[in-house]
Amino acid sequence: MKIGIALVSMFLLSQYASAKEISVQVNGMVCSFCAQGIEKSFSKLPEVSSIKVSLETKLVSLNTKDDKDLDDSKIKELITDAGYEVVKIERKNEQNK
Ligand SMILES: [Cu+2]
(Lines give C-alpha, C1' and ligand atoms only; values in the text may rest on other atoms or scores of the structure.)
Protein backbone atom coordinates (compact mmCIF):
# COMPACT_ATOMS: atom_id res chain seq x y z
CA MET A 1 0.00 0.00 0.00
CA LYS A 2 2.75 2.43 0.99
CA ILE A 3 4.76 1.39 -2.02
CA GLY A 4 1.77 2.13 -4.21
CA ILE A 5 1.47 5.64 -2.85
CA ALA A 6 5.21 6.22 -3.26
CA LEU A 7 5.05 5.09 -6.87
CA VAL A 8 2.07 7.29 -7.63
CA SER A 9 3.68 10.35 -6.10
CA MET A 10 6.96 9.67 -7.94
CA PHE A 11 4.98 9.43 -11.15
CA LEU A 12 3.16 12.70 -10.49
CA LEU A 13 6.41 14.40 -9.55
CA SER A 14 8.16 13.26 -12.73
CA GLN A 15 5.24 14.51 -14.79
CA TYR A 16 5.50 17.85 -13.15
CA ALA A 17 9.28 18.22 -13.12
CA SER A 18 9.99 17.31 -16.70
CA ALA A 19 10.07 19.57 -19.71
CA LYS A 20 7.14 19.48 -22.07
CA GLU A 21 7.17 18.97 -25.76
CA ILE A 22 4.33 20.81 -27.48
CA SER A 23 3.38 20.63 -31.14
CA VAL A 24 1.15 23.35 -32.48
CA GLN A 25 -0.49 23.05 -35.87
CA VAL A 26 -0.81 26.54 -37.34
CA ASN A 27 -2.72 27.82 -40.34
CA GLY A 28 -1.48 30.78 -42.34
CA MET A 29 2.30 30.48 -42.16
CA VAL A 30 3.56 30.77 -45.71
CA CYS A 31 7.09 32.11 -45.73
CA SER A 32 10.22 32.27 -43.63
CA PHE A 33 9.21 35.69 -42.27
CA CYS A 34 6.12 34.12 -40.74
CA ALA A 35 8.29 31.41 -39.21
CA GLN A 36 10.81 33.92 -37.90
CA GLY A 37 8.12 36.10 -36.34
CA ILE A 38 6.62 33.17 -34.48
CA GLU A 39 10.04 31.92 -33.42
CA LYS A 40 10.85 35.34 -32.07
CA SER A 41 7.69 35.82 -30.04
CA PHE A 42 7.92 32.36 -28.45
CA SER A 43 11.62 32.45 -27.70
CA LYS A 44 10.97 35.58 -25.62
CA LEU A 45 8.91 33.52 -23.17
CA PRO A 46 10.79 32.42 -20.05
CA GLU A 47 9.09 29.00 -20.16
CA VAL A 48 10.38 28.10 -23.61
CA SER A 49 13.74 26.42 -24.05
CA SER A 50 13.56 25.87 -27.78
CA ILE A 51 11.27 26.39 -30.74
CA LYS A 52 11.28 25.11 -34.26
CA VAL A 53 8.89 26.15 -37.01
CA SER A 54 8.32 24.00 -40.05
CA LEU A 55 6.57 25.63 -42.99
CA GLU A 56 6.24 22.29 -44.76
CA THR A 57 4.28 20.59 -42.01
CA LYS A 58 2.88 23.88 -40.60
CA LEU A 59 4.02 22.78 -37.18
CA VAL A 60 5.46 24.87 -34.39
CA SER A 61 7.45 22.58 -32.10
CA LEU A 62 8.08 23.93 -28.64
CA ASN A 63 10.12 22.57 -25.80
CA THR A 64 9.65 24.02 -22.34
CA LYS A 65 12.27 24.25 -19.64
CA ASP A 66 12.21 21.80 -16.74
CA ASP A 67 9.37 22.51 -14.29
CA LYS A 68 7.72 24.80 -16.81
CA ASP A 69 4.61 24.44 -18.86
CA LEU A 70 2.92 26.68 -21.34
CA ASP A 71 -0.85 27.11 -21.28
CA ASP A 72 -2.81 26.40 -24.43
CA SER A 73 -4.43 29.81 -24.00
CA LYS A 74 -1.04 31.52 -24.00
CA ILE A 75 0.02 29.67 -27.14
CA LYS A 76 -3.23 30.55 -28.87
CA GLU A 77 -2.93 34.17 -27.83
CA LEU A 78 0.58 34.54 -29.27
CA ILE A 79 -0.23 32.81 -32.55
CA THR A 80 -3.51 34.67 -33.00
CA ASP A 81 -1.92 38.03 -32.17
CA ALA A 82 0.70 37.33 -34.82
CA GLY A 83 -2.12 36.88 -37.34
CA TYR A 84 -2.23 33.09 -37.63
CA GLU A 85 -4.70 30.44 -36.63
CA VAL A 86 -4.15 27.56 -34.22
CA VAL A 87 -5.56 24.33 -35.60
CA LYS A 88 -4.44 21.90 -32.93
CA ILE A 89 -2.18 21.70 -29.90
CA GLU A 90 -0.56 18.41 -28.95
CA ARG A 91 1.48 17.74 -25.85
CA LYS A 92 4.00 15.07 -25.11
CA ASN A 93 5.87 14.41 -21.96
CA GLU A 94 9.56 14.21 -22.81
CA GLN A 95 10.20 11.31 -20.47
CA ASN A 96 7.49 9.16 -21.97
CA LYS A 97 8.81 9.25 -25.51
CU1 LIG B 1 5.22 35.07 -44.28
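The values are calculated or read from the model by the stated rules, or taken from the named source; none is laboratory data. Because the structure is a prediction, the values reported are computed rather than measured. Quick reminder, even Gly has a Cβ in these numbers, built from the backbone with ideal geometry, and neighbours come from all protein chains shown.
Here are a few things to note about the model shown:
- Residue that is nearest to the ligand (Cβ to nearest atom) [pool: residues in segment 29-54 that are of a type in the set (Val, Ile, Thr) and either outside any helix (DSSP H, G or I) or modelled with pLDDT under 95 (or both)]: 30
- Whichever residue in segment 17-28 is polar (S, T, N, Q) and within 21 Å of residue 92 (Cβ to Cβ) and, among such residues, is nearest to the ligand (Cβ to nearest atom): 25
- Members of segment 75-94 that are within 14 Å of residue 22 (Cβ to Cβ) and among the polar types (S, T, N, Q): 93
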